[in-house]
Amino acid sequence: MIAEAGHHRAIARLLFVSSSLPDVGTAQGAIMADEPDPVSIGDAGEERLAVSGYDAASFGARFQHADPDTQRAGWERVTAQDATVFVTPTTDAGWQGVDSTYLVCTEDRSTTVGLQRSHAARATRTVDVATGHHPFVTRPDLVAEQVLALG
C-alpha cells in the first residue's frame, strides 16, 4: 500500500489520488466500511476477493468520465485480489512526515468526497480536481500537471 511507502530514502514526495492515508492498525476494509455505496466484493475462492454483482456497464457507471470503450477495457482488467489486502492492518503510516499531495476527485462515484477530504487533511497539501475516481485515465493532463508541480 502506498500509505506505507513514505519512509524510504528513495521517496521524497507522495501523490495520493482518491486514496487513503490510514493510521497504523487500520485495515483497508475498515476505511471503506462506512461508505454509502462501496464496491461490492465477494469470495473468489483461494483466499481471494473479487468485485461482485457488476458487469461492464454497471461498474463503468462508477467511473463516469471514461468513454464506454475505456470503461469496458477497464472492466476486462478487473481481477480478484488477495483477501489480506482488505484485512491486514497498516503497519507503518509512511505518509507521516513525508511531503505529500492529495488529489480530491470531486466528482468521484466510488469514494465519497467526504472520505477523501478526511484523508486529504493528513497530506501536506490538497488539490481538488473535477473528475471521477480515475483521473489518471480520464484526465491524465490534470494528474501530470500535479506531478510536474511537485518538481
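The values are calculated or read from the model by the stated rules, or taken from the named source; none is laboratory data. Predicted, not measured: the structure shown is a model, and the values here were computed from it. FYI the Cβ positions are ideal-geometry reconstructions off the backbone, even for glycines, and counts take in every protein chain you see. Heavy atoms of the whole protein, side chains included, go into the accessibility calculation; ligands, DNA and RNA do not. Shrake-Rupley method; radii C 1.70, N 1.55, O 1.52, S 1.80 Å.
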Review point. Of all accessible surface on segment 5-151 at a 1.4 Å probe, what whole percent is carbon and sulfur?
Key: 53
Review point. Shape call for segment 73-138 from the C-alpha gyration tensor, a ≥ b ≥ c root eigenvalues: rounded (a/c under 1.5), prolate (a/b greater than b/c) or oblate?
Key: oblate
Exercise for review: Report the FRET efficiency, 1/(1 + (r/R0)^6), for ASP99 and ASP128, where r is their Cβ-Cβ distance and R0 is 25 Å, rounded to 0.05.
Suggested key: 0.85
Study note, to complete from the structure: Yeah, the chain with a ≥ b ≥ c from its alpha-carbon gyration tensor (a/c under 1.5 is rounded, else prolate when a/b outruns b/c, oblate otherwise) is oblate
Study note, to complete from the structure: Taking the chain and counting helices only, DSSP H stretches of n ≥ 4 at -39,500 (n - 2.57) each over all residues, the nearest-500 ellipticity at 222 nm comes to -7500 deg cm²/dmol
Point to revise | 5 angstrom amide H check on ILE41, placed H, neighbours 5+ away | key: SER52
**Study point:** Potential extension, GLN64-GLU46 segment - 0.36 nm per residue separation minus Cα distance
**Key:** 3.3 nm
Review point. Residue by residue through segment 25-35, which ³J(HN,Hα) values in whole Hz follow from phi under the Karplus form 6.51 cos²θ - 1.76 cosθ + 1.60 (θ = phi - 60°), with glycine and proline marked x?
Key: x, 9, 9, 4, x, 5, 4, 8, 4, 9, 5
Check your understanding: Where does the charge balance sit around ALA123 when Lys and Arg score +1, Asp and Glu -1, over other residues with C-beta under 11 Å from its C-beta?
Key -> +3
**Study point:** Extension gain, ALA5 back to ARG72 (0.36 nm per residue minus Cα-Cα distance, nm)
**Key:** 21.0 nm
Revision key, fill the gap. Phi-derived 3J(HN,Hα) across segment 107-118 with the Karplus relation (6.51, -1.76, 1.60, θ = phi - 60°), rounded Hz, x for Gly and Pro, is 10, 5, 9, 10, 10, 4, 4, x, 5, 4, 5, 5
Exercise for review: Describe numerically, in nm with one decimal, the distance between label points set 7 Å from Cα along Cα→Cβ at ALA121 and at ALA57.
Suggested key: 4.0
Point to revise | Rounded if a/c under 1.5, otherwise prolate or oblate - segment 62-111, Cα gyration tensor axes | key: oblate
Review point. Rounded to the nearest whole Å², what accessible area per residue is found for the chain with the 1.4 Å probe?
Key: 55
